[in-house]
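Worksheet: the structure to be examined is printed underneath.
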Amino acid sequence: MARSEADAPQFYFALPRLIAALRHCNAARTETNWLEANVAGAAVMLVSYLALDRLCLGGAAFPRQLLFLLPLVLLTWIFWIIALYLNAQIIKLFRSFRMPAAVSNARAQSLLIGVITTGFACQLASDPSWRRGIGITWITAVIANLISAGLLAIFSRQNAR
Amino acid sequence: MWWRHCLDWALLNVPFYLQPILLTLSTIFFFFFAAPARRALVSNLRVVFPRSSAIANYFRAFRTLWNFAWTISEASNYKLTKIDYTYDIVGDDLLQQLATARGAIVLTAHMGSYDLGAALFAQKFQREIRMVRAPEPDSSSERHFAASLQQSGAGGVKVDYNTSGPLLSFDLLNAVRGGEIVSIQGDRVIPGVAYAEGRMFNHQISIPTGPFTLALVAQVPIFPLFIVRAGYRRYRIIVREPIVVERTASGRDEAIAAAVTRWCALLEEVVAQYWHQWFALLPVFENDGSI
């Protein structure tokens, strides 16, 4: 159950893992980082909430937005419950076309969630208000993560040789 | 019951980074709709924090329910994926004593992850542990729980129900005399179970006397043990000095009463520190009009 924490893997996402690798630390993937778990999830919810807010309320005045705060949080939650279910059906379909078994359902869901959230972020990035910053931040983080994943794959192949 | 299936599905299919936020949102939902549990938590917290405001206790009740959701989720996660947890031990030497004891009683409370703890203890020390508990109100939920516990503990955890009648007493006595470890929750009584009156936080509370009677008859020590959540996928095992129930010149009842008093003092100390993980979802204090 417990392992030595001295050289234990610390991160899940590619960007912090790349930084760990450059610092000669363990760059293996782990899901035990509470900061990643909370920050990434909150970011997904925030981006999708803001996108749904923009979609449903458009340029509504602040008091009206405050009034619909809780219903929109509920809508965001319901959206993701439905999205996760539909994603699961898509994954089931891909598995029937022999999607590699090494890709777990959770990782496949992660990819689809990333696509959906990035779509929301692109919508936010075209907004003239402060929401634009949130959208751009998410897109930047995704691009940085993808580049890091590529670099880690290259390092891993080089080390294997 | 349906929510347990949803939880199992979510743990296998939802990425780990979405689980905290979805768990929090689900807790908010259940906090509003599980009124009896919410009221019980607030009622118990009113005793633990007598000078606190009602609003503060409602926030505390939410935090307790949130921790409850986490412990259920993490116990299910362990059952399904055998993920790693880290833990630290308070009272390591006492835990070692327990692990090597020829017959012992573990006395715990509805606190932290007692289910996960039992499964991990059985696996770590390769010892079978018999867990005595009240059955879930719903039979299918109980079957799911029992199957989960068996799976988590790889067969090292056996479940006995405290509604099984007097035969259970003899079974447990035989088990303890045979060198087994029996785990019992000692912070709540159910109808039909023998109990004694104790005091916690200056209020009367009913404590089941079964563990103490068993310890007296079998002449084995009682190890107070709690497993509390110390963070994201981290737990703390707290083991306290064993309670030894010995017949004195005053008689059996006095010996049990003394042990109950000692247990209440210890439980009060632990609950005062870990109130946010005391999952007393039913009122436990006698209402003398002050609650």
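Hey, can you tell me all the residues within the stretch B:71-82 that are closer than 14 Å to B:Gly117 by Cβ and of a type outside the set (Gly, Ala, Ser)? Steps first, answer last, please.
First, pick out the residues of the stretch B:71-82 that are closer than 14 Å to B:Gly117 by Cβ: B:71-72, B:74-75, B:78-79.
Of everything in the stretch B:71-82, those that are closer than 14 Å to B:Gly117 by Cβ and of a type outside the set (Gly, Ala, Ser) turn out to be B:Thr71, B:Ile72, B:Glu74, B:Tyr78, B:Lys79.
So for the stretch A:12-22 (the condition being more than 25 Å from A:Thr137 (Cβ to Cβ) and either touching a Phe, Trp or Tyr at 6+ places or on another chain (Cβ under 6 Å) or part of a helix (DSSP H, G or I) (or both)), does at least one residue qualify?
Here is the first cut: in the stretch A:12-22, the residues more than 25 Å from A:Thr137 (Cβ to Cβ) are none.
Checked against the condition, which is being more than 25 Å from A:Thr137 (Cβ to Cβ) and either touching a Phe, Trp or Tyr at 6+ places or on another chain (Cβ under 6 Å) or part of a helix (DSSP H, G or I) (or both), the stretch A:12-22 yields no hits at all.
Out of all the residues in the stretch B:1-52, which are of a type in the set (Gly, Ala, Ser), under 24 Å from the mean Cα position of the chain (by Cα) and loosely packed, with under 15 Cβ neighbours inside 10 Å? If you could, list the steps in order and put the result at the bottom.
Initial filter on the stretch B:1-52 (of a type in the set (Gly, Ala, Ser)): B:10, B:26, B:34-35, B:37, B:40, B:43, B:52.
Narrowing the set further to residues that are under 24 Å from the mean Cα position of the chain (by Cα) leaves B:26, B:34-35, B:37, B:40, B:43.
The one that is of a type in the set (Gly, Ala, Ser), under 24 Å from the mean Cα position of the chain (by Cα) and loosely packed, with under 15 Cβ neighbours inside 10 Å: B:Ala35.
Return only the number of the condition from (1) within 13 Å of chain A (Cβ to nearest Cβ); (2) within 28 Å of A:Leu46 (Cβ to Cβ) that B:Asp92 does not satisfy.
The one condition B:Asp92 does not meet is (2).
Among the residues of the stretch B:245-265, how many are surrounded by fewer than 21 Cβ atoms within 10 Å (Cβ to Cβ) and part of a loop (DSSP other than H, G, I, E, B)?
Number satisfying all stated conditions: 4.
Select from the stretch A:32-57 the residues that are closer than 30 Å to A:Asn159 by Cα and either surrounded by fewer than 20 Cβ atoms within 10 Å (Cβ to Cβ) or in contact with a His (Cβ under 7 Å, 6 or more places away or on another chain) (or both) and list them in ascending order.
Filtering the stretch A:32-57 for residues closer than 30 Å to A:Asn159 by Cα gives A:32-37, A:40.
Passing the criteria: A:Trp34, A:Leu35, A:Glu36.
So how many residues does the stretch B:266-291 have that are part of a helix (DSSP H, G or I) and touching a residue at least 12 places away in the same chain (Cβ under 8 Å)?
To start, the set of residues in the stretch B:266-291 that are part of a helix (DSSP H, G or I) comprises B:266-273, B:275-277.
Pick out the ones that are also touching a residue at least 12 places away in the same chain (Cβ under 8 Å) and you get B:266-268, B:270-272, B:275-277.
Going through the stretch B:266-291 one residue at a time, the tally reaches 9.
Looking at (1) closer than 27 Å to B:Thr81 by Cα; (2) open to solvent by less than 80 Å² (accessible area, probe 1.4 Å); (3) touching a helix residue (DSSP H, G or I) at 6+ places or on another chain (Cβ under 9 Å), can you tell me which one A:Ile81 breaks?
Condition not satisfied by A:Ile81: (2).
Among the residues of the stretch B:3-30, write down those that are touching a residue at least 40 places away in the same chain (Cβ under 8 Å), among the hydrophobic types (A, V, I, L, M, F, W, C) and either under 17 Å from A:Ser48 (Cα atoms) or more than 7 Å from chain A (Cβ to nearest Cβ) (or both).
If the condition is that a residue be touching a residue at least 40 places away in the same chain (Cβ under 8 Å), among the hydrophobic types (A, V, I, L, M, F, W, C) and either under 17 Å from A:Ser48 (Cα atoms) or more than 7 Å from chain A (Cβ to nearest Cβ) (or both), then B:Leu7, B:Leu11, B:Leu23 are the ones that fit.
Of the conditions (1) over 25 Å from B:Tyr78 (Cβ atoms); (2) touching an Asp or Glu at 6+ places or on another chain (Cβ under 7 Å); (3) at pLDDT below 95, B:Ala196 satisfies every one except a single condition; which number is it?
The single condition B:Ala196 does not satisfy is (2).
Is it true that A:Ala40 is at pLDDT 90 or above and either within 29 Å of A:Val103 (Cβ to Cβ) or not charged (D, E, K, R) (or both)? Full working, then the answer.
Values: at pLDDT 90 or above: yes; either within 29 Å of A:Val103 (Cβ to Cβ) or not charged (D, E, K, R) (or both): yes.
Criteria met by A:Ala40.
For B:Asn287, all conditions in the list (1) open to solvent by 20 Å² or more (accessible area, probe 1.4 Å); (2) within 30 Å of B:Gly178 (Cβ to Cβ) hold save one; what is the number of the exception?
B:Asn287 satisfies every listed condition except (2).
Would you check which residues across the stretch B:53-75 are open to solvent by less than 50 Å² (accessible area, probe 1.4 Å) and within 14 Å of chain A (Cβ to nearest Cβ) and list them?
Selection gives B:Trp70, B:Ser73, B:Glu74, B:Ala75.
Here is a check on your reading of the model: is A:Pro71 of a type outside the set (Gly, Ala, Ser), farther than 18 Å from B:Leu11 by Cα and not in a helix (DSSP H, G or I)? Explain how you work it out, then say what you get.
Details: of a type outside the set (Gly, Ala, Ser): yes; farther than 18 Å from B:Leu11 by Cα: yes; not in a helix (DSSP H, G or I): no.
No; evaluated as a whole, the condition is false for this residue.
Has the stretch B:107-122 got at least one residue that is within 14 Å of chain A (Cβ to nearest Cβ), more than 22 Å from B:Gly210 (Cα to Cα) and at pLDDT 95 or above?
Scanning the stretch B:107-122 turns up no residue that is within 14 Å of chain A (Cβ to nearest Cβ), more than 22 Å from B:Gly210 (Cα to Cα) and at pLDDT 95 or above.
Against the definition (free of Cβ contacts under 8 Å to residues at least 24 places away in the same chain, over 22 Å from A:Ala37 (Cα atoms) and assigned to a helix (DSSP H, G or I)), how does A:Arg98 come out, yes or no? It would help to see each step written out before you state the result.
Numbers: free of Cβ contacts under 8 Å to residues at least 24 places away in the same chain: yes; over 22 Å from A:Ala37 (Cα atoms): yes; assigned to a helix (DSSP H, G or I): no.
So A:Arg98 fails the test.
Where in the stretch B:199-244 are there strands (runs of 3 or more DSSP E), lying fully within it, with 3 or more residues that are more than 14 Å from chain A (Cβ to nearest Cβ) and open to solvent by less than 30 Å² (accessible area, probe 1.4 Å)?
On the way: elements: B:203-208, B:222-231, B:234-239.
Fully inside the stretch B:199-244 and qualifying: B:203-208, B:222-231.
The values are calculated or read from the model by the stated rules, or taken from the named source; none is laboratory data. All figures in this text were calculated on a predicted structure; none of them were measured in a lab. Please note: Cβ atoms are built from the backbone with ideal geometry, for glycine as well, and neighbour counts cover all protein chains shown. The area values use the complete protein model at the heavy-atom level, side chains included, leaving out ligands, DNA and RNA. Shrake-Rupley method; radii C 1.70, N 1.55, O 1.52, S 1.80 Å.
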